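What follows is a single structure, written as structure tokens, with notes after it.
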Amino acid sequence: MDGEGQLARAERIGVAGADEAVAETARAHLRAARAAVERRHGPWARVTGAAADRVFSNLHRAEAQLLRLAPEPDLRWRGAVVLAQARRHLDASDPRLRMLEERLAGAGQVL
């Protein structure tokens, strides 16, 4: 499910209190990502990849906010996905990665 679909689902389930601010932050990042995709970019942005960086940065930030809104049962299966992303972005010696690997290994890859 895409970010907008995840946000719509969370809102159908019900977003209240502090989660409203989380939902608005996710919505703002999704709008920024869409704007970066739809904007006409000059040749320098294409060469440097700045436009793509803006899109992916905002998508990743929106995803982090959407995870905060997701019902717990929806999070359980994401252990392998989270671990793959952590391995992509963290150095193998990073204690956060080691802690995540240990925790997921002991839980059968379930968050």
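Structural remarks
- Residue within region 100-108 that is closer than 23 Å to GLU4 by Cα, aliphatic (A, V, I, L, M) and free of Cβ contacts under 8 Å to residues at least 60 places away in the same chain present: no
- Helices (runs of 4 or more DSSP H) contained entirely in region 35-111, each with at least 1 residues that are open to solvent by 80 Å² or more (accessible area, probe 1.4 Å) and among the aromatic types (Phe, Trp, Tyr): 43-48, 50-69
- Residue within region 25-33 that is open to solvent by less than 40 Å² (accessible area, probe 1.4 Å), closer than 30 Å to LEU100 by Cα and modelled with pLDDT under 90 present: no
- Just one of the listed residues (ALA36, ALA10, ALA18) is modelled with pLDDT of 85 or more and over 13 Å from the mean Cα position of the chain (by Cα), namely ALA36.
The values are calculated or read from the model by the stated rules, or taken from the named source; none is laboratory data. Quantities reported herein were computed from a predicted structural model and do not represent experimental measurements. Don't worry about glycine lacking a Cβ; one is built from the backbone with ideal geometry, like all the others, and counts go over all protein chains shown. Quick note on the areas: whole protein, heavy atoms, side chains included, nothing else; ligands and nucleic acids left out. Shrake-Rupley method; radii C 1.70, N 1.55, O 1.52, S 1.80 Å.
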